[in-house]
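What follows is calculated from the coordinates using simple rules that are stated; it is not laboratory data. The structure displayed is predicted, hence computed values, not measured ones. As a convention, Cβ positions derive from the backbone with ideal geometry for all residues, glycine included, and neighbour counts pool all protein chains shown.
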Amino acid sequence: KAGVTQTPRYLIKTRGQQVTLSCSPISGHRSVSWYQQTPGQGLQFLFEYFSETQRNKGNFPGRFSGRQFSNSRSEMNVSTLELGDSALYLCASSLGQGNTEAFFGQGTRLTVV
Amino acid sequence: AQSVAQPEDQVNVAEGNPLTVKCTYSVSGNPYLFWYVQYPNRGLQFLLKYITGDNLVKGSYGFEAEFNKSQTSFHLKKPSALVSDSALYFCAVRDPRGTPLVFGKGTRLSVIA
């Protein structure tokens, strides 16, 4: 069974640009969540999608957005990049019930210069 | 809102000794609790979870965790540490009402040969 796939693995962008990250969940999983991981802040929740609907949203500015497609694949977009957006962005998929564990991808390492 | 505290940034233990990584949580109602491990440049791997029932939960790679409702704790334990257990460990909690999975800041475990 294939795991969660995130693309690209590494990305370097310039301040002010925008970026789109992609996540393909485990087959059959309908929930996808995104997290930002930085050394100082740990894992910060961005948003969660379930069956194409945003179910939860974290405390991030509107520059961060996401969506989920009918095949459960998800994308997140960050516009007007800032240096502080440099982080490891992790995607996790699950069946969607609260008592089920989430499975994480290897992440996309974004560096903003 | 739910929260997780991992009071130790770093835990050092000699190989073969028992290890404990501490976690306390705050959530209204009965919590869903999880432990994850992260190796360098990788995503998070699920270790174990507590949903209901027996307070002692067994998971992957010989790890176990004990749920203590009165102390709101969910400490991760292993009877005999291996050098390969050296990694970053995250405790996470979810409110059964459907809130997102919230992570602690992580504890770096170093097992010394």
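Figures for the structure shown
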item: Residue with peak Gaussian network fluctuation, chain A [Cα springs, cutoff 10 Å], from A:103, A:50, A:60; result: A:60
item: Pairs beyond 19 Å (Cα-Cα), from B:22/B:105; B:58/B:105; A:13/B:105; A:57/B:69; B:69/B:105; result: B:58/B:105; A:13/B:105; A:57/B:69; B:69/B:105
item: Gaussian network model of chain B, springs between alpha carbon atoms under 10 Å - residue of B:28, B:84, B:70 with greatest fluctuation; result: B:70
item: Neighbour-limited loop hits for GluC sites (Glu not before Pro), region A:36-113 (at most 12 other Cβ within 10 Å; DSSP other than H, G, I, E, B); result: A:82
item: Semi-axis lengths (Å, descending) of the ellipsoid that matches the C-alpha gyration tensor of the protein assembly as shown; result: 29, 20, 16
item: Set of aspartates and glutamates near residue B:49 by C-alpha distance (under 12 Å), chain-local residues within fewer than 8 positions excluded; result: A:101, B:64, B:66
item: Pairs of alpha carbons in chain B whose separation is greater than 16 Å (percent); result: 56
item: Rg in Å to one decimal, and Dmax rounded to a whole Å, for chain A via C-alpha atoms; result: 13.2, 40
item: Share antiparallel - DSSP beta bridges, chain B, percent rounded to 5; result: 85
item: Förster radius 41 Å - calculated FRET efficiency between residue A:97 and residue A:13 (Cβ-Cβ, nearest 0.05); result: 0.70
item: Among beta bridges that DSSP assigns inside the protein assembly as shown, antiparallel share in %, nearest 5; result: 90
item: Given charges at Cβ of Lys, Arg, Asp, Glu: region B:41-113 dipole, positive-most of B:55, B:110, B:79; result: B:110
